[in-house]
Amino acid sequence: MDTREIQNNIRDLLKEKNAVLLAHYYQNGDIQDIADFLGDSLGLSIEASKTDADVIVFAGVRFMAESAAILSPDKTVLLPVPDAGCPLADTITAEQLEQAKQLHPRAAVVTYVNSSAETKALSDICCTSSNAVKVVQSVKAPEILMIPDGNLARYTARFTDTPIIPWRGNCYVHHHLTVEDVEKARRENPEAALAVHPECTLEVIDRADYAGSTSGIIEFCGRTDAGTVIIGTEQGIMHQLRKQYPEKTFVPASPSLICRDMKKITLTDILAALREMKHVVTVPEHMRVPAYHALQRMLEVS
């Protein structure tokens, strides 16, 4: 089958099974084009929870599918490629978090949504890259243990007087974007604006015109007067940027900005998962309930 035929078959099956397809901005363009909802990880799960769908197919990585299962326990959640994981989420385990909490008994735990369900379940509140500052400013505690992304924690620390203890994790895609990379892109595109993700290092963020979530970067690209924008996040976002703003030019800050796990899922995988209703993601109730409360506290702040 060609691409269009597979896409049509997926859409037919989604209708037949009362299912919705969620796709993150980092997915391949042929998946983004047929998604019911396209966006950031948590926003997708929230949108899906509001629908009357029986099935959620998540074109993303495991922590995203877990978040959907946490927010929609009455729905069947499918992750078309079960080993599509997140190296950032894997930088901390429940055991390590328990140990860190013992070392810092006065600290509130603020957990980035790019984390496992078991980590969320041990947290006081969750945050996203777009609301991290607002969430941290809402927390009343002598200090904050912010996990698992150390770069996001250090960036957020700039906006609060409360001491933040950053975890040692990072997203390899953003962390490996260097000052040399962005300076080279600037030299080659002297009139361009630079937009980066807050999972980048502070040294890179300090050279940017804008730092924010994937949705935030897309919005920035729409409002900036710059005709060219250098993009410091995973290259999957380029598909939407070029569709939404065809009059502008978008340049990756580095050719290495590719998440291997995000690119694992193909149209064929989605079709197979739907046909066979396989690769179901569930979260045990004893873990789901406290994780849900951590997410809910964040939504109350937002």
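Bear in mind these aren't lab numbers, they're just calculated from the coordinates by the rules spelled out. Given the structure is predicted, the values throughout are model-derived calculations rather than measurements. Don't worry about glycine lacking a Cβ; one is built from the backbone with ideal geometry, like all the others, and counts go over all protein chains shown.
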For segment 99-164 and segment 181-220, write down the distance between their C-alpha centroids in whole Å. 24 Å
Labelled set (1) 33, 23, 19; (2) 29, 28, 15; (3) 26, 23, 20; semi-axes √(5λ) of the Cα gyration tensor in Å computed from this model equals the value at (2)
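Using Cβ counts within 10 Å as a stand-in for footprinting exposure, how do D181, D52 rank, fewest first?
In order of increasing Cβ crowding within 10 Å: D52, D181.
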Once you place label points 7 Å from the Cα toward the Cβ at V301 and K15, how far apart are they in nm? 4.3 nm
For D90, placing the label point 7 angstrom along Cα-to-beta-carbon and taking segment 170-192, residues whose amide nitrogen sits under 17 Å are 170-176
So what is the relative contact order of segment 157-270, in percent, for Cα pairs below 8 Å that sit 6 or more residues apart? 25 percent
Percentage relative contact order, the chain, counting C-alpha pairs under 8 Å, at least six apart: 22 percent
Estimated 222 nm signal from helices in the chain, with DSSP H stretches of n ≥ 4 weighted -39500 (n - 2.57), rounded to 500: -12000 deg cm²/dmol
For segment 31-102, which trypsin sites (Lys or Arg not before Pro) are both in a DSSP coil and crowded by at most 14 other Cβ atoms within 10 Å? K50
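If you keep only loop residues by DSSP, which GluC sites (Glu not before Pro) in segment 235-302 have at most 10 other Cβ atoms within 10 Å of their Cβ?
On the way: sites: E247, E276, E285, E300; in loops: E247.
Loop-located and lightly packed - E247.
Which of K17/K243; K15/K75; K15/K264; K243/K278; K50/K75; K17/K120 have a Cα-Cα distance over 21 Å? Working shown, then result.
Values: K17/K243 29 Å; K15/K75 15 Å; K15/K264 24 Å; K243/K278 32 Å; K50/K75 11 Å; K17/K120 30 Å.
In this structure, K17/K243; K15/K264; K243/K278; K17/K120 lie more than 21 Å apart at Cα.
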